[in-house]
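For reference, the structure discussed in these notes is given below.
The values are calculated or read from the model by the stated rules, or taken from the named source; none is laboratory data. The shown structure was predicted, so the numbers you read here are calculated from the model rather than taken from an experiment. Note that each Cβ is placed from the backbone with ideal geometry, even for glycine, and that neighbours are counted across all protein chains shown.
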Number of protein chains: 2
Amino acid sequence: MRDPRTVRCTFYLESEIDPEKAAAILAGEQSSGTFLPVPGESARIRERHAAHVVEVRELGASRPSLPSRGNPEKVRAALVTVDFPMENIGTDIATLQTAIAGNLFELGELYACRLQELVLPEDFVAAHPGPAFGIEGTRKLLGDAQGVMVGTIIKPNVGLSEEEFRLVVRDLALASIDLIKDDELMTDPEYLPLERRVAVATEEIRAAEQVTGHPTMYAFNITGDLAGLRKRHDLVVEAGGRCVMLNIPIMGLPALALLRTFSEVPIHGHRAGLAASMRSKALGVDYRVWQQLARLAGADQLHASGLGSKFYEPDEEVAANIRSLLKPLGETATPLPVLSSGQNVTTPGPTFEAVGSTDLMMLAGGAVAAHPAGPAAGVRSLRQAWEAAVEGAPLEAVARQKAQNGDEALLLAVQKFGKGA
Amino acid sequence: MRDPRTVRCTFYLESEIDPEKAAAILAGEQSSGTFLPVPGESARIRERHAAHVVEVRELGASRPSLPSRGNPEKVRAALVTVDFPMENIGTDIATLQTAIAGNLFELGELYACRLQELVLPEDFVAAHPGPAFGIEGTRKLLGDAQGVMVGTIIKPNVGLSEEEFRLVVRDLALASIDLIKDDELMTDPEYLPLERRVAVATEEIRAAEQVTGHPTMYAFNITGDLAGLRKRHDLVVEAGGRCVMLNIPIMGLPALALLRTFSEVPIHGHRAGLAASMRSKALGVDYRVWQQLARLAGADQLHASGLGSKFYEPDEEVAANIRSLLKPLGETATPLPVLSSGQNVTTPGPTFEAVGSTDLMMLAGGAVAAHPAGPAAGVRSLRQAWEAAVEGAPLEAVARQKAQNGDEALLLAVQKFGKGA
């Protein structure tokens, strides 16, 4: 039984020494430990403030995954569960991170140190607001959008002049798309400042909505200096913008939490840079841990790669990460998983099979902008592919059927992006 | 010749495909790239905004270091130099990080991606203030302290009551120590709030200074929510505190830059969590890259492990990292390298040999608090060990000499912490 006043973490560790001892070193380093017994380290402190090793499950010998001062031939791998007293941490996210994902990664005795699982105390979760909008709030802002929402990224992602940018936005907004987003690299460059992007994009979206009747959300990337964060947010809101975007791992979870305190629109959470501390299986923090913190800090929409993407995670890992986003976390609103990279009409089938939900946003670049019949057909083809996936209908048959009825969007997309293409 | 308007990065990459092609994919992903040619990606954009692969030096075949969607037996390793146009980035640190340390770590074609070197354009460096105090400013606040400064961490690091805390600070301040710091885990817990720590520590330090005549700096850890950052800083300054501490990797470089805009005291930069994106040689960012950004953002004092420490980096790597901190960076003030973990009287010799500078702060825990003759002797022994190191005198001979002259501090320390101890 877990003490409800503790934070429970499961780590994958490798060590030359007994895994029990390695776990104790980690627990000591991250709570009341020091090398040498010093005056004042009383039994009271150890009792109330020491992290406790709850379980050590040895996994056998392996070669060391990470470099250290030593260079052993073999190390002992183990899954280790440690409980950290909430009293040390309080309810602060940065303090939590320091305890469960701080100095421990540096420990010389460890040849792997990976935070794989996190169970937070109810009191910790309850102390954070979570997403202000989440799935439901995003749908509402999109005119009660049903099913999977479709979005895209402005391409070319950097270098557009204001007039070029205007035409790209116009085309996409007229395509009745749900979301357009800045590339993560596009922040506030001199050649196309955020202020101009906001003015142009909101103007074009408003005009397009008069034609299509379909609301479009633009995720303006307000990543940048913290001193200007509020100003950039206000710029978006005052122009009638409906979403701001933040590169969370680079700005830090505290920056996300700060933005959450004043944001009047959903926060589109990009994960650029996260893989630096996530991709090695022997180091850093698992996505399913990180997403809990990003949710508590207030991300309404969260990137999670996509099935069939150009990114490293295999599809089963991507699917597990998406499912983790859809799991309840206390009383907080559920964030909208954002799927991106290499997404096209062939992706909805396997995605729905793996995830079993349409509470998703799918971002497609080429599949929208490079659709043979233009962006509107691109968006339509993706929505049709999602309908087929949910119905369990075979994609190509549906595409041919629709073409016979005069709508070639899906067929053209299948021909361009499909497996045999 | 590097175009002075570009950011030059050297990456270690592994790929199954030709390293030239892998480098081009990275450069494309991090500038004006997309999978499929899309309308509007003009020659002008490619010319002005594309990152350029400058050099590819193949290193031979190896087993893949990181997992990806594929599972090749062998990959080709290479050192790759890429120039990123400053026009894409401007002078914003978060945008720079997004470009050079963002999505690239996720690329499925890469089986290793490590940013090893960074050369920033002069204009970028000049746009940032750098440390407000640095080495010189820190020395000044310590009464023009000469040589290596000696500091320590409050131990036990968590769990002390206010009265216990008071006694620990009193002992250390009466030891004429240069710096006392909070542990990175100690932020603002209910059982010993920052406000009380600030009140107690500044009071004890003031009282001790009346006795010793030696100023002591306390690095109060103001890591926590960003909404309260200024308030916590002001608390320290208003009580007469002389230093604030930030867990930089967890708070984010933008948080450090924000703190720099208003901090009236030196910023003690802790690196808790940095190893998550630094320890694997196949992933993330090298310390010598990261430290440049932390300096531009304004860290006055920066942790860099220590020779002989309990952390993973071998001594030669620690020394190289320390030397990188002492190198000039534009016109900015030089930050004070902070050495910690396992530091005692045996450490100055090898450290001075490897680093050749006394512009350092050495933090010692046990070597101060657990010195057989008490903290004052602990501090004195460390200062004496540094004098011996700089003079090139053998430690044990100096210790015996001093003992003969009636000061046993160093001898006791050598006996307790020395090699044969």
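Does B:Thr152 satisfy being of a type in the set (Val, Ile, Thr) and not assigned by TED's automatic domain parsing to the domain that holds B:Ala208? Considered against the rule, which asks whether it is of a type in the set (Val, Ile, Thr) and not assigned by TED's automatic domain parsing to the domain that holds B:Ala208, B:Thr152 comes out as no. Selection within segment A:255-282: residues that are assigned to a loop (DSSP other than H, G, I, E, B) and of a type in the set (D, E, K, R). The member of this set that is nearest to B:Asn103 (Cα to Cα) is A:Arg271.
With respect to being of a type outside the set (D, E, K, R) and at the interface with chain A (Cβ under 9 Å from one of its Cβ atoms), B:Ala294 falls outside the description. Restricted to helices (runs of 4 or more DSSP H) entirely inside segment B:10-106, those with at least 2 residues that are within 30 Å of A:Leu283 (Cα to Cα), in contact with a Gly (Cβ under 7 Å, 6 or more places away or on another chain) and at the interface with another protein chain (Cβ under 7 Å from one of its Cβ atoms) are B:93-100. Annotation note: Cβ proximity below 6 Å between a residue of segment A:216-236 that is within 13 Å of chain B (Cβ to nearest Cβ) and a residue that is of a type in the set (Val, Ile, Thr) (sequence gap 6+ or interchain) occurs for A:Asn221/A:Thr187; A:Ile222/A:Val244; A:Thr223/A:Thr187; A:Gly224/A:Thr187; A:Ala227/B:Thr261; A:Arg232/A:Ile222.
Checked against (1) within 28 Å of A:Ala132 (Cβ to Cβ); (2) in the same structural domain as A:Gln301 (by TED's automatic domain parsing), A:Ala369 meets all criteria but (1). Being more than 14 Å from chain B (Cβ to nearest Cβ) and closer than 30 Å to B:Ala294 by Cα holds for only one residue in A:Ile267, A:Ile250, and it is A:Ile267. Scanning segment A:389-413 for residues that are among the hydrophobic types (A, V, I, L, M, F, W, C) and farther than 18 Å from A:Val368 by Cβ, which turns out surrounded by the most Cβ atoms within 10 Å (Cβ to Cβ)? Restricting to residues being among the hydrophobic types (A, V, I, L, M, F, W, C) and farther than 18 Å from A:Val368 by Cβ, the top hit is A:Val398.
Can you give me the number of residues within segment A:236-254 that are in a helix (DSSP H, G or I) and either surrounded by 21 or more Cβ atoms within 10 Å (Cβ to Cβ) or not hydrophobic (A, V, I, L, M, F, W, C) (or both)?
Total meeting the criteria: 8.
Look at B:Met149 and say whether it is in contact (Cβ under 8 Å) with a residue 12 or more places away in the chain and in contact with an Asp or Glu (Cβ under 6 Å, 6 or more places away or on another chain). In short, yes.
Residues checked against (1) modelled with pLDDT under 95; (2) of a type in the set (Phe, Trp, Tyr); (3) over 29 Å from the mean Cα position of the chain (by Cα):
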{"site": "B:Phe352", "(1), (2), (3)": "no, yes, no"}
{"site": "B:Ala364", "(1), (2), (3)": "no, no, no"}
{"site": "B:Pro375", "(1), (2), (3)": "no, no, no"}
{"site": "B:Val379", "(1), (2), (3)": "no, no, no"}
{"site": "B:Ala385", "(1), (2), (3)": "no, no, no"}
{"site": "B:Ala389", "(1), (2), (3)": "no, no, no"}
{"site": "B:Pro394", "(1), (2), (3)": "no, no, yes"}
{"site": "B:Gln401", "(1), (2), (3)": "no, no, yes"}
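Residues that are assigned to a helix (DSSP H, G or I), crowded, with 19+ Cβ neighbours inside 10 Å and not hydroxyl-bearing (Ser, Thr, Tyr) within segment A:201-235 comprise A:Ala201, A:Glu204, A:Ile205, A:Ala208, A:Leu226, A:Leu229, A:Arg232, A:His233, A:Leu235, listed in sequence order.
Just one of the listed residues (A:Ser31, A:Ser62, A:Ser68) is under 30 Å from the mean Cα position of the chain (by Cα) and at pLDDT 90 or above, and it is A:Ser31.
Output yes when any residue across segment B:113-135 is surrounded by 21 or more Cβ atoms within 10 Å (Cβ to Cβ), free of Cβ contacts under 8 Å to residues at least 12 places away in the same chain and within 14 Å of chain A (Cβ to nearest Cβ), and no when none is. Looking for residues that are surrounded by 21 or more Cβ atoms within 10 Å (Cβ to Cβ), free of Cβ contacts under 8 Å to residues at least 12 places away in the same chain and within 14 Å of chain A (Cβ to nearest Cβ), one finds none in segment B:113-135, hence no. Might you let me know whether segment B:373-391 holds any residue that is in contact (Cβ under 8 Å) with a residue 40 or more places away in the chain, of a type in the set (Ser, Thr, Tyr) and touching a helix residue (DSSP H, G or I) at 6+ places or on another chain (Cβ under 9 Å)? No; the residues of segment B:373-391 include none that is in contact (Cβ under 8 Å) with a residue 40 or more places away in the chain, of a type in the set (Ser, Thr, Tyr) and touching a helix residue (DSSP H, G or I) at 6+ places or on another chain (Cβ under 9 Å). Restricting attention to segment B:283-332, the residues that are assigned to a loop (DSSP other than H, G, I, E, B) and surrounded by fewer than 20 Cβ atoms within 10 Å (Cβ to Cβ) add up to 9.
Scoring B:Asp144 on the criteria (1) within 19 Å of the chain's Cα centre (by Cα); (2) in a loop (DSSP other than H, G, I, E, B) leaves a single failure, condition (1).
Could you tell me whether segment B:47-54 includes any residue that is at pLDDT below 95 and over 33 Å from the mean Cα position of the chain (by Cα)? Looking through segment B:47-54, at least one residue is at pLDDT below 95 and over 33 Å from the mean Cα position of the chain (by Cα). B:Gly151 - would you say it is over 22 Å from B:Thr332 (Cβ atoms), within 14 Å of chain A (Cβ to nearest Cβ) and not β-branched (Val, Ile, Thr)? Answer is no for this residue.
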